[in-house]
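Asks: This structure is in structure tokens; I'll ask about it shortly.
We did not get these values from a lab; they are worked out from the coordinates using the rules stated. Please read these numbers as outputs of a predicted model, since none were measured by experiment. Every residue, glycine among them, receives a Cβ derived from its backbone with ideal geometry; neighbour counts consider all protein chains shown.
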Amino acid sequence: MRAMDLRAFAALTFDCYGTLIDWESGILDALAPLRREAGSEVGDEELLERFAAVEARFQTGEFKRYRAVLCDVGREMARFLGVSLRPGDGGFLADSIADWKPFPDTVSALAKLKAQFQLAIVSNIDDDLFALTAKRLQVPFDYVVTAEQVGSYKPAHGNFLRAIERIGLPRGQILHVAQSLYHDIKPADELGLSTVWVNRRGGKPGSGATHPASATPVLEVSSSTSQILSIIVTPYIGVHSTPTDKIV
């Protein structure tokens, strides 16, 4: 049993895309013109799982910025759908990030959490691309740690270690909140951070746009960051949480 007294935390670190931002809808919208051109009958879930596998492959090896990763992913997804892209057309996924929207609960929940905690982003993104997203999130973050700054992609430990270093608090005072078991919950747990899994997928099959993985968060909330707020403002809920308690 692991105790989880939420009053003990001074900082919340968030994954962004998939947790705060509805990236699966954004990805599908960006791929929609290719699907129409191909006349493809590939379903949403198969397409998202293909994206996850391709993205994970291009994020290994020598580091390159996420815009370049998405160009490679975009070309691979086009080939999968049977569509030929013209030279220079591979940037459509990165260009679409400016249009990716927050989940309906995100902005209001962050505003309330900001009153009680330091907030940080730990994201597999470029600085300039996150700047576009930050306008939609509206709430200023105390710390932003991007893959571009660190030179690696989660689940690499270095991204979390950079965040811990910048926040300057003991690990026991930092709570990591994320949707991806693969990119976030598993490596954060390995580093001794308490974690909350925001299960945005709900009852959907598979793991969607995130690579599949097994991990045990301290707490699972069912599809809403606003539920984090509800357990934080209730003083003793979570004090005796066990892996994995679920708030629905």
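Asks: Which value does Rg/Rh take for segment 24-98 over its C-alpha atoms, Rh per Kirkwood? All intermediate terms of the calculation are to be shown ahead of the outcome.
Replies: Details: Rg = 11.7 Å, Rh = 12.5 Å.
With Rg and the Kirkwood Rh in hand, the quotient comes to 0.94.
Asks: Something else now. Report, in deg cm²/dmol and to the nearest 500, the calculated mean residue ellipticity at 222 nm for the chain, where each DSSP H run with n ≥ 4 adds -39500 (n - 2.57) and the sum is divided by the residue count.
Replies: -11500 deg cm²/dmol
Asks: Can you give the charge dipole size of the chain about its Cα centre, rounded to the nearest 20 debye, using +1 on the beta carbon of Lys and Arg and -1 on the beta carbon of Asp and Glu? Mind dumping the intermediate values first?
Replies: Working: 26 positive and 30 negative charges, 79 e Å.
The dipole of the chain has a size of about 380 debye.
Asks: Turning to a different aspect of this structure: Show which aspartates and glutamates lie in cross-link reach of LYS101 when reach means a straight Cα distance below 19 angstrom and same-chain residues fewer than eight apart are skipped.
Replies: Straight-distance partners of LYS101: ASP15, ASP22, GLU24, ASP29, ASP44, ASP126, ASP127, ASP128.
Asks: Under a 10 Å cutoff between Cα atoms, tell me which one of VAL145, VAL42, VAL107 has the largest fluctuation in the Gaussian network model of the chain.
Replies: Largest GNM mean-square fluctuation: VAL42.
Asks: So what's the angle, to the nearest 10 degrees on a 0 to 90 scale, between helix 44-58 and the longest Cα principal axis of the chain?
Replies: The helix 44-58 is inclined about 80 degrees to the chain.
Asks: Quick check for you: which residues of segment 112-136 have the amide N under 20 Å from the point 7 Å beyond the Cα of HIS157 toward its beta carbon?
Replies: From segment 112-136, the list is 122-124.
Asks: Among PHE9, ILE97, TYR66, whose Cα lies farthest out toward the positive end of the dipole of segment 1-136, if unit charges sit on the beta carbon of Lys, Arg (+1) and Asp, Glu (-1)?
Replies: Farthest towards the positive end: PHE9.
Asks: Sticking with this structure for a sec: For segment 49-187, take the alpha-carbon Rg, divide it by the Kirkwood Rh, and send me Rg/Rh.
Replies: With Rg and the Kirkwood Rh in hand, the quotient comes to 0.99.
Asks: Dipole magnitude of segment 24-98 about its Cα centre, charges +1 at Lys/Arg Cβ and -1 at Asp/Glu Cβ only, in debye to the nearest 20?
Replies: On the way: 10 positive and 14 negative charges, 81 e Å.
Value, rounded to 20: 380 debye.
Asks: Say the dipole of the chain comes from +1 at the beta carbon of Lys and Arg and -1 at that of Asp and Glu; which of ALA120, PRO87, GLY172 then lies farthest toward its positive end?
Replies: In the chain, that residue is GLY172.
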